Amino acid sequence: MTYELIPLLPLASFLILGIFGHWIRDKAHLVAVPAVILSFVLSVFAFIDVAVGHHSTIRLYTWLTSGMLDIHLGVRIDRLTVVMLLLVTTVSTLVHIYTIGYMEGEPGYARFFSYIALFTFSMLMLVLADNFLQLFVFWEAVGLCSYLLIGHWYERPSAVAAATKAFIVNRVGDFGFILGLLLVFATFNSLDYATVFAGVGQAAGTMMNVLKPIGGSLEVSTVTVICLLLFMGAVGKSAQFPLHVWLPDAMEGPTPISALIHAATMVTAGVFMVARLAPLYDASPAAMSVVAVVGAITMVLGATIALTQTDIKRVVAYSTMSQLGYMIMACGLGAYAAGMYHLLTHGAFKALLFLGCGSVIIALHHEQDMRRMGGLKDKLPITYWTFVVGSLALAGFPLTAGFFSKDELLVSAWSAGPLGQILAVFGLLTALLTAFYSFRLVFVAFWGPSRVDPHHAHDVHEPSPTMTVPLLILAVLSIAAGYFGIPEFLTPVFEPHEGGAHGGGAIGIKILASIMGILGIAGAYYVYVLHPSVPDQLAQRWRTAYEWSLHKWYFDEAYDRFIIRPTFTAASELWKRIDVAVIDGAVNGVARAIAWGAWFLRLVQSGQAQHYALGMALGAVVILTMFFML
Amino acid sequence: MTIPLSYYVTLSAVVFFTGLVGVLIRRNIIIILLSVELMLNATNINFVAFSQSLHNVAGQVFVFFALTVAAAEVAVGLAIIIALHRARNTINVDEFHLLKW
Amino acid sequence: MEQLFFFYFALVIAGASVLVVALRNPIYSALSLLIMFFHVAGLYVTLHAEFLAAVQVIVYAGAILVLYLFVVMLLNLKHDERYHRQWPVAAAVGAILALEAAVLTAVKGGASGARPAAPETAVEGLGNTEALGDVLYSTYLFPFEVASLILLVAMIGAIILAKKDLSGESLQ
């Protein structure tokens, strides 16, 4: 089958809309939506093919071959890629349809569609890559699309700043990624997955001296270094600690892209990468521990911050960050299948939550602060009920997809050794917090008396079907996705680790997780519905903790103080001292010297004939003298 | 005893250099032209001396023509001076510096 | 005897030329030049170039100098002007050249040099005038004609340059 079309259809959509968007304008969805639906259909076919056992590798285009270096574009379809394909095309299709209603009447309508088509293309090519370089190229490409889309409303300075921040922070991570790439090539002499995976066993024992450039000596396993460097990229892309600071600001972009990029697809690229490169990571227990710990830190960090945020999109953003931490933690503990399972279910219910936020925002004329909401459950029934379903999935309420995937994850973590057990405890505590804050959002935004701005209060109504139908579809998926048997489907990909999920403590973990979820919901109900004055009292009692949570643990402030300001100062000094004084000074100095020389020589032209006559006489004297001497 | 040729050459050189220095020193255009006449005369002396010494009349022919040309040059030069004087009411050569940068 | 004449003429010539350059008043300079011209003519006579001596007096002293005097008086010049600012350099130039000439003469002087044999004209038999005329109208005819052309051009040029503007205004 022509599976190359899966990414190429969105590319065509991007090109057409990019070039002709100015004339197509409001009809842009007629180009974009069919393309992505077709892509989805083809993905389903690919899935069926793979389920039957046909893997395939297609080489699309060879760019250059030089010695051992072979740079090409290729497509590799196996079980892991095909579930990602389904996720990306499904969510992309639903977001495309949603956008028809959300961005209706906006001047940048066609541009928006062209960018999300470009993003879909890039993400698909990333997932389908069969070599490191292609992975990296499209890694950057999705980062670019993120920048373009966050800054879609480019007249807003805050949007532009957020887009720049996202791109730059990502770039910091990508720096490590590039170094990892280079090291891969240096170690394995190839950038193909197949060749590298085949050579891991051999390379596993080699060491390298990481302090060589500064004359020191510290021998570390080469594979560990590779894994850590590549993981830096994942830290940036998947908003893990410490490069998580861009994700909340990315909420400046329109809500559909928050759903598409910052919930379901782009941020999951990091998790996907770790899972894809499982053979590499398996060879380096040290790197895996680092990955797991980083994931766990992020998981707790996100949850603690989400407790106090008042912007509904930010709450969901920090929730995303926290759930990504879960997934990374799982991969770090060897439970790749569980991590991917959670990735898929999370894609469904998080996209649902974001789109639900979008629905609320549109209904309230772009109001995002939950303190000015309330009483919406009767006015926006579809939105409300789908939102509840999504929140239940997020909290891990029994029988939702989120319940199954979170359980799988925690059980796998618990059976992964002592580190896994410690982190699993943190995971359980975070599950409590997760349930609490997600239902805090539900209760504050939808229940209780209406605190909506009186001007808009009478006009609140459910948005158009183009927006509500995707919500319904996603709600169904949020429940149903748990019953598709995804982990069993994926396990063959990660063969050595299939044993983890079925130990003796499994049942206990599952019960504990469910209890945590229900406790969280009950707690939120108590605090926000029954006794609404409690939150303020708690905030007063634990002032410091509240401030730290509200201000995102002061990460932005710290980065600003210790990294950004010094860089600005250094750059400014370099500019003034070197660029202006030395370089410009030299260039201008040369010009000035020549001008002075010209002024000096000009004095010869006095206009007086006698001066010239004297010159002639002197010349004659010189010649005669020379003649005389010789 | 005939006078050695070198004496005439010396005399000619002296007059010539005097004329040269005059051209370079004086600021009155007329005096400059007079100094040029000096230089011409010096060369004439030289030619005649050599003509006599080498018994070749060609030297004197040249003097003849040099004389002619000197006359023509003086005529034109003085006409120019008159025109200059009409323009600036001065014949101080320092005043004519339009070609200054 | 000859030497006496020579030295007299030579001294006066040298002195008069220095005076020409040094005197402030243009009339005095012109008159010094006049004296110089006469003595140059005398020198020519000692060199058996009588015709040239005559021509020198007529043309230089009689025509050229008179022209100069005419112009000087026409322009009614003041006579106080300093020497040009570059006079030290010029004096140095002159001194160097004089020095070189003196050295050259001392080293090589005395020797009368090679006399090219067989001059193209046998001069001794005729007088100076006849000798000159003979050569002038035969061998050097073309330069002679050209010289007359030069004079013609100079005449026309002088007239035009010195003429007042046709419209009657001066260039002032």
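Which residues, counting only those in segment A:280-312, are within 18 Å of the chain's Cα centre (by Cα) and surrounded by fewer than 24 Cβ atoms within 10 Å (Cβ to Cβ)?
A:Val294, A:Ile297, A:Leu301, listed by residue number.
Mind telling me which of the residues B:Gly22, B:Gly77 ends up being under 25 Å from C:Glu145 (Cα atoms), within 14 Å of chain A (Cβ to nearest Cβ), in contact with a helix residue (DSSP H, G or I) (Cβ under 8 Å, 6 or more places away or on another chain) and not charged (D, E, K, R)?
Step by step, each of B:Gly22, B:Gly77 is checked, and only B:Gly77 is under 25 Å from C:Glu145 (Cα atoms), within 14 Å of chain A (Cβ to nearest Cβ), in contact with a helix residue (DSSP H, G or I) (Cβ under 8 Å, 6 or more places away or on another chain) and not charged (D, E, K, R).
Against the definition (more than 15 Å from the chain's Cα centre (by Cα), assigned to a helix (DSSP H, G or I) and either at pLDDT below 95 or more than 7 Å from chain C (Cβ to nearest Cβ) (or both)), how does B:Ser51 come out, yes or no?
Spelling it out, B:Ser51 is indeed more than 15 Å from the chain's Cα centre (by Cα), assigned to a helix (DSSP H, G or I) and either at pLDDT below 95 or more than 7 Å from chain C (Cβ to nearest Cβ) (or both).
If we scan segment C:49-69, do we find a residue that is of a type outside the set (Asp, Glu), farther than 21 Å from B:Val15 by Cα, touching a residue at least 60 places away in the same chain (Cβ under 8 Å) and surrounded by fewer than 20 Cβ atoms within 10 Å (Cβ to Cβ)?
Among the residues of segment C:49-69, at least one is of a type outside the set (Asp, Glu), farther than 21 Å from B:Val15 by Cα, touching a residue at least 60 places away in the same chain (Cβ under 8 Å) and surrounded by fewer than 20 Cβ atoms within 10 Å (Cβ to Cβ), which makes the answer yes.
Would you pick out the residues in segment A:537-563 that are closer than 23 Å to A:Phe241 by Cβ and among the charged types (D, E, K, R)?
Within segment A:537-563, A:Glu547, A:Lys552, A:Asp556, A:Glu557, A:Asp560, A:Arg561 qualify.
Would a scan of segment A:103-125 turn up a residue that is under 18 Å from A:Leu191 (Cα atoms) and part of a helix (DSSP H, G or I)?
Within segment A:103-125 (the criterion being under 18 Å from A:Leu191 (Cα atoms) and part of a helix (DSSP H, G or I)), the answer is yes, since at least one residue qualifies.
Would you confirm whether any residue within segment A:555-572 is small (Gly, Ala, Ser), modelled with pLDDT of 85 or more and closer than 28 Å to A:Ala317 by Cβ?
Yes; the residues of segment A:555-572 include at least one that is small (Gly, Ala, Ser), modelled with pLDDT of 85 or more and closer than 28 Å to A:Ala317 by Cβ.
Cβ-Cβ distance below 7 Å, separation of 6 or more or different chains: which pairs start in segment A:195-208 with a residue that is at negative phi and end on one that is of a type in the set (Asp, Glu) and exposed (fewer than 15 other Cβ atoms within 10 Å of the Cβ)?
Here the result reads A:Met207/A:Glu219, each pair linking segment A:195-208 to a residue that is of a type in the set (Asp, Glu) and exposed (fewer than 15 other Cβ atoms within 10 Å of the Cβ).
Take A:Gln605 and tell me if it is within 30 Å of C:Thr105 (Cβ to Cβ) and either within 14 Å of chain B (Cβ to nearest Cβ) or within 32 Å of the chain's Cα centre (by Cα) (or both).
When the stated conditions are applied, A:Gln605 does not pass them.
Within segment B:25-46, track down each residue that is of a type in the set (A, V, I, L, M, F, W, C) and facing another protein chain (nearest Cβ under 7 Å).
Scanning segment B:25-46 gives B:Ile25, B:Ile30, B:Ile31, B:Leu34, B:Leu38, B:Ile45.
Kindly indicate which of A:Tyr281, A:Tyr326, A:Tyr336, A:Tyr341 is over 25 Å from A:Gln134 (Cα atoms) and of a type in the set (Ser, Thr, Tyr).
A:Tyr326
Being surrounded by 14 or more Cβ atoms within 10 Å (Cβ to Cβ) and of a type in the set (A, V, I, L, M, F, W, C) is the filter here, so list the residues in segment A:27-40 that pass it.
A:Ala28, A:Val31, A:Ala32, A:Val33, A:Ala35, A:Val36, A:Ile37, A:Leu38, A:Phe40
So C:Ile96 ticks every box in (1) within 9 Å of chain B (Cβ to nearest Cβ); (2) under 28 Å from B:Leu5 (Cβ atoms) but one. Which box is left unticked?
(1)
Find the residue count for segment B:80-101, including only residues that are in a helix (DSSP H, G or I), touching a residue at least 24 places away in the same chain (Cβ under 8 Å) and either under 18 Å from the mean Cα position of the chain (by Cα) or facing another protein chain (nearest Cβ under 7 Å) (or both).
Here the count works out to 3.
Exactly one of these conditions fails for A:Ala239: (1) at pLDDT 85 or above; (2) buried (at least 20 other Cβ atoms within 10 Å of the Cβ); (3) of a type outside the set (Asp, Glu); (4) on the phi < 0 side of the Ramachandran plot. Give me its number.
Against the list (1) at pLDDT 85 or above; (2) buried (at least 20 other Cβ atoms within 10 Å of the Cβ); (3) of a type outside the set (Asp, Glu); (4) on the phi < 0 side of the Ramachandran plot, A:Ala239 comes up short only on (4).
Quick one: which residue in A:Gly201, A:Gly205, A:Gly215, A:Gly270 is buried (at least 24 other Cβ atoms within 10 Å of the Cβ) and not hydroxyl-bearing (Ser, Thr, Tyr)?
That would be A:Gly270, the only listed residue that is buried (at least 24 other Cβ atoms within 10 Å of the Cβ) and not hydroxyl-bearing (Ser, Thr, Tyr).
Having 2 or more residues that are over 21 Å from the mean Cα position of the chain (by Cα), more than 28 Å from B:Arg86 (Cα to Cα) and not polar (S, T, N, Q) is the bar; report the helices (runs of 4 or more DSSP H) wholly within segment C:1-101 that clear it.
Per the criteria, C:2-22.
State whether the residues of segment B:10-17 include one that is within 13 Å of the chain's Cα centre (by Cα), over 25 Å from C:Leu67 (Cα atoms), in a helix (DSSP H, G or I) and within 14 Å of chain A (Cβ to nearest Cβ).
For segment B:10-17, residues within 13 Å of the chain's Cα centre (by Cα), over 25 Å from C:Leu67 (Cα atoms), in a helix (DSSP H, G or I) and within 14 Å of chain A (Cβ to nearest Cβ): present.
Being at pLDDT 90 or above, within 12 Å of A:Thr93 (Cα to Cα) and in a helix (DSSP H, G or I) narrows it down to one residue among A:Ser39, A:Ser13; which is it?
Only one candidate passes the filter, namely A:Ser39.
Those residues that are of a type in the set (Gly, Ala, Ser) and within 8 Å of another protein chain (Cβ to nearest Cβ), I need them from segment C:8-66; list them, please.
C:Ala10, C:Ala14, C:Ser17, C:Ser29, C:Ala30, C:Ala49, C:Ala63
The values are calculated or read from the model by the stated rules, or taken from the named source; none is laboratory data. From a predicted model like this one, the values you see are computed outputs, not experimental measurements. All Cβ positions, even for glycine, are placed from backbone atoms using ideal geometry, and neighbour counts span all protein chains on display.
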